[in-house]
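If you scroll down you'll find the structure; I have some questions about it.
The values are calculated or read from the model by the stated rules, or taken from the named source; none is laboratory data. From a predicted model like this one, the values you see are computed outputs, not experimental measurements. Quick reminder, even Gly has a Cβ in these numbers, built from the backbone with ideal geometry, and neighbours come from all protein chains shown. SASA here: full protein model, heavy atoms, side chains in, ligands and nucleic acids out. Shrake-Rupley method; radii C 1.70, N 1.55, O 1.52, S 1.80 Å.
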Amino acid sequence: MTQTAPILWKDLAFDTLDAEVYAPKPASLLLAEQAIAQSQPGDRILDACTGSGVVGIAIARYVPGSRVVVSDINEAALGAARRNAARNQVAIEVVASNLYSAFDEAQFDTITVHPPAVPYPNDADWGLSSGITIATNGGSDGSELVIRSIVEAKSRIRLGGKLLLLLPHWSNVAKARQALAENYSNVRELARQTVEFFPVREGRTDAHLLAHVRQLAAAGIIEMTFETEIPLSIVSVIEATVD
């Protein structure tokens with residue numbers, strides 16, 4: 001779904017015109033708020049899977065002296081991040097990367113990431129644009145990129161640094177928690193929020209797609225309720241420290 005008006009947050013404004021770019025949503029803003037609170041002047045920070053650039057731009061604006069890199073695999077997203085940085089008059093470095101592949105070991109004090117986490121049946125999609133499909137497709141139970149984002153971040157974070165993960169509970173939360181426990185110390189939830197399962201509103205739904213997520217929820221693999229027209233779930237911001 002293409003929006004015409006910019007999304008406004010604090011004193012920032014984000015372009016939403018490109019249907020190939022994941023626009024800021026309440027979950028994005030929750031991660032941005034926590035990232036600002038947990039960052040320090042002078043920190044070297046990577047915002048991976050940046051989409052519109054909202055989290056990295058927020059850190060650069062509200063944490064003076066932070067050194068922010070944003071990355072994405074989607075060229076349209078990189079273009080949007082550059083435009084939004086210019087629009088909001090902040091300096092960030094924009095890098096094309098398949099998750100963390102472009103970066104060296106122990107390069108960052110903090111990595112923030114909102115990984116693709118929507119469950120996609122093997123034989124169907126949610127009718128979103130190709131760019132948004134890349135930004136959201138987490139495999140059958142939503143966990144594929146979530147687990148990669150957890151495990152592969154560790155080597156890029158310096159000792160004593162941290163991962164700030166936006167974890168949608170419409171993905172396999174148990175797998176994510178296990179990966180966090182196996183790779184990090186002092187794992188804690190900083191914030192959580194109830195949100196809409198946006199593919200139902202923004203994409204194309206049918207009985208097969210809804211049956212897939214209903215089955216995952218019934219099995220306890222994901223957390224989602226179906227009492228409202230748009231199913232609801234939870235997103236958490238997780239902090240995980242590297243020792």
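Of the numbered conditions (1) open to solvent by 30 Å² or more (accessible area, probe 1.4 Å); (2) out of contact with any Pro (no Cβ under 7 Å at 6 or more places or on another chain); (3) at pLDDT 95 or above; (4) not in a strand (DSSP E or B), ARG204 fails exactly one; give the number of that condition.
Going through (1) open to solvent by 30 Å² or more (accessible area, probe 1.4 Å); (2) out of contact with any Pro (no Cβ under 7 Å at 6 or more places or on another chain); (3) at pLDDT 95 or above; (4) not in a strand (DSSP E or B) one by one, ARG204 breaks only (3).
Step by step: first the residues of region 137-155, then only those that are outside any loop (DSSP other than H, G, I, E, B) and touching a residue at least 40 places away in the same chain (Cβ under 8 Å), then the one that is farthest from ALA181 (Cα to Cα). Which residue is that?
My answer is LEU145.
Taking region 155-175 only, how many residues are of a type in the set (Gly, Ala, Ser) and buried (at least 24 other Cβ atoms within 10 Å of the Cβ)?
1
Which one of VAL55, VAL94 is among the hydrophobic types (A, V, I, L, M, F, W, C), over 22 Å from VAL173 (Cα atoms), touching a residue at least 24 places away in the same chain (Cβ under 8 Å) and in a helix (DSSP H, G or I)?
VAL55
I need the full set of residues from region 210-243 which are farther than 25 Å from ILE150 by Cβ and open to solvent by 60 Å² or more (accessible area, probe 1.4 Å), in order please.
Of everything in region 210-243, those that are farther than 25 Å from ILE150 by Cβ and open to solvent by 60 Å² or more (accessible area, probe 1.4 Å) turn out to be ARG214, ALA218, THR225, GLU227, THR228, GLU229.
Scan region 57-116 for residues that are among the hydrophobic types (A, V, I, L, M, F, W, C), surrounded by fewer than 17 Cβ atoms within 10 Å (Cβ to Cβ) and closer than 21 Å to GLN34 by Cα and report the count.
Total meeting the criteria: 1.
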